[in-house]
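In what follows, a single structure is set out as structure tokens and then discussed.
The values are calculated or read from the model by the stated rules, or taken from the named source; none is laboratory data. Since the model is a prediction, treat every value here as computed from it, not as a measurement. Cβ placement follows ideal geometry from the backbone for every residue including glycine, while neighbour counts extend to all protein chains displayed. Each accessible area value is taken on the protein alone, full model and side chains, heavy atoms only, with ligands, DNA and RNA left out. Shrake-Rupley method; radii C 1.70, N 1.55, O 1.52, S 1.80 Å.
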2 protein chains.
Amino acid sequence: MLNQQQVRQFHDEGYLFLPETFTPEECALLRAEAEAIYRQQRPEIWREKSGAPRTAFAAHLYNEAFGLLARHPRMIRPVEQLFGESVYMHQFKINAKASFTGDVWQWHQDYGTWVRDDGMPEPRAMNIAVFLDEVMPINGPLMLVPRSHTEGVLAAGHDVTTTSYPLWTLDEDTVTRLVGRGGIVAPTGKPGGLLLFHGNLVHGSAGNITPYPRKIVYLTLNAVSNAIRTPTRPEWIAHTDFTPITVTDEQALSRYARGGRKAAA
Amino acid sequence: MLNQQQVRQFHDEGYLFLPETFTPEECALLRAEAEAIYRQQRPEIWREKSGAPRTAFAAHLYNEAFGLLARHPRMIRPVEQLFGESVYMHQFKINAKASFTGDVWQWHQDYGTWVRDDGMPEPRAMNIAVFLDEVMPINGPLMLVPRSHTEGVLAAGHDVTTTSYPLWTLDEDTVTRLVGRGGIVAPTGKPGGLLLFHGNLVHGSAGNITPYPRKIVYLTLNAVSNAIRTPTRPEWIAHTDFTPITVTDEQALSRYARGGRKAAA
């Protein structure tokens, strides 16, 4: 359970960071599975202009370890608490931010995309980052603009040129104004960190030229009452299975990590 | 004078950082002058693919404030001490790393360019960064690989595509090996910081997507006995005036900042 101070921090600042929420053993499993996924050729895996992996969609549907992560009580329970209801998986990605070649994500709000492309009624969906590698100041950490979630959906332009991933991005004047008020935070820390932030919180990340990869699972849990109304994107990008998530037991992922694939099958 | 520990740190690690060496007043002057220079159209000013300024060469020759910085005893004396002789200005740039659009500098050694392009006999030239803006972890700080200066000149490829500035850059395996041994440091701090590093120290910097510009003066002081032998680049990129620098008095730059242009003219 989140305490009162954590709940208030989320509502006031728009984000909450829970360091080392998953164990080194769990993270080592997920890292290895992510690297195996990136070696596959499938439509759910998008690449940088350089060919390096950028993001792998919907891995919780075709990989058992990520399937267990997607139902983990350490992640699901705090979001249910904040929304006061059950949640379903709206989107699930493993973002690579590969060593040397990981490219920028320009400043944007995620809910801007969900409302425009998916017909999501309200910004009652939670963005979540689970750190698989150590996130450092120098390997392209997620940068958040605190308090920017109070602005509603800001005007945005559709950027289809900067990177290989089209995105509704904010203009420089808007970002300058919001940063002038709220600053920028870039939560960093060991693998296993859990970062929760509001669907309207402005965020972005710079490129990664270091030898340190910065893989995170980047997923969205939507309140069941807020299911999307007018999907236009492929099912594996914006899911239309609105079944409430039932959590695993607390140790399911670590049992799987310890026992290998067979033990969990 | 540098103390014994500082001298040892430079020789062992390849760099030395002296925070807040120039005053807020001196830095405010240099920032304003840099911005005025970037607004000019001249061949010494190179731009990013976006059109934002990337670097302005040789400003010490056409701007009085930067002329005073280029002869400042707080910068010149430590380098004379480390080299044991007089120095001259080999190169002088104001690097913009502009807000939102500042682009990457890939991993490289500067001496690799000086020996190949300028015929510099030995790596007895010092790279210096003077922070004009606050350098933060998130606005594209210079990243250094400690101890990499002991490797001599490493094999490099001529990168003419990544950014608007051609550069002899190192391959990923080499950088991974050196970082595995020495790690990465990214000195940060208020305007006025002075960073000195060896001509063979491997360094680079990521892009800057924040609203915070990160201007630094980035210059090279070469030992007079080590003057370049076979220049191939324009005079305003690699200077051929080998006259030893005579320092100003300690207060010349701050007098100029206080009194404005006329007082110093």
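What number comes out for the charge environment of A:Arg258, summing +1 per Lys or Arg and -1 per Asp or Glu over other residues with Cβ under 10 Å away? With Lys, Arg at +1 and Asp, Glu at -1, the net is -1. Of the solvent-accessible surface of the range B:1-129, computed with a 1.4 Å probe over protein heavy atoms with every protein chain present, carbon and sulfur atoms account for 49 percent. The relative contact order of the range B:83-169 comes to 37 percent, based on Cα pairs under 8 Å that sit 6 or more residues apart.
One quarter of the surface of the convex hull around the alpha-carbon atoms of the protein assembly as shown equals 25.9 nm², the direction-averaged projected area.
Please state the charge dipole magnitude for chain A, taken about the Cα centre, from unit charges on C-beta atoms (+1 on K and R, -1 on D and E), reported in debye and rounded to the nearest 20.
My answer is approximately 480 debye.
GNM on chain A, alpha-carbon springs under 10 angstrom: the most fluctuating residue among A:Asn95, A:Asn208, A:Asn63 is A:Asn63. Computed with a 1.4 Å probe over protein heavy atoms only, the accessible surface of the range A:1-148 comes to 36 Å² per residue. At q = 0.17 Å⁻¹, what log₁₀ I(q)/I(0) does a Debye calculation on the Cα points of chain A give, no solvent, two decimals? The Cα Debye sum returns log10 ratios of -1.55.
Counts of other chain beta carbons within 10 angstrom of each beta carbon in peptide B:199-210 average 4.
Other residues within the sphere of radius under 11 Å centred on the Cβ of A:Glu48, judged by their own Cβ, net out at +3 (K and R +1, D and E -1). Adding -39500 (n - 2.57) for every DSSP H run of four residues or longer, then dividing by how many residues chain B holds, sets the calculated 222 nm ellipticity at -8000 deg cm²/dmol. Only the Cβ atoms of Lys and Arg (+1) and of Asp and Glu (-1) were treated as charged; on that basis the dipole of the protein assembly as shown about its Cα centre amounts to roughly 20 debye. Taking the Cα centre of the range A:65-201 as origin and assigning +1 to Lys and Arg Cβ atoms and -1 to Asp and Glu Cβ atoms, the resulting dipole is close to 480 debye. Buried area at the A:B interface is about 1800 square angstrom, summed over both chains, from accessible surfaces computed with a 1.4 angstrom probe. Comparing the full protein assembly with the isolated chain, the residues of the range B:156-189 losing at least 40 square angstrom of accessible surface (1.4 Å probe) are B:Glu172, B:Ile184.
Nearest-to-axis residue in chain B, judged by Cβ distance to the rotation axis that brings B onto A and given in whole Å, is B:Pro137, 2.
When the listed pairs A:Lys97/B:Lys49; A:Lys215/B:Lys93; B:Lys49/B:Lys215 are checked against a 28 Å cut-off, the alpha-carbon distance exceeds it for A:Lys215/B:Lys93.
With an 8 Å Cα cut-off and a minimum separation of 6 or more residues, compute the relative contact order for the range B:103-229 in percent.
Values: 261 pairs, mean separation 65.4, N = 127.
The value is 51 percent.
Averaging the Cα positions of each part gives two centres, and for the range A:20-64 and the range A:124-179 these lie 21 Å apart.
How big is the Kirkwood radius of the range A:143-190, worked out from every pair of different alpha carbons and given in Å to one decimal? Working shown, then result.
Values: mean 1/r = 0.0819 Å⁻¹.
For the range A:143-190, inverting the mean 1/r across all distinct Cα pairs yields 12.2 Å.
If exposed means no more than 12 neighbouring beta carbons inside 10 Å and the site is in a DSSP loop, what's the longest run of chain B without any exposed trypsin sites (Lys or Arg not before Pro)? After excluding every exposed loop site, the longest remaining stretch is B:50-228.
Can you give me the orientation-averaged projected area of the convex hull built on the Cα atoms of the range A:174-265, in nm²?
On the way: hull surface 41.2 nm².
Across all orientations, the range A:174-265 yields a mean hull projection of 10.3 nm².
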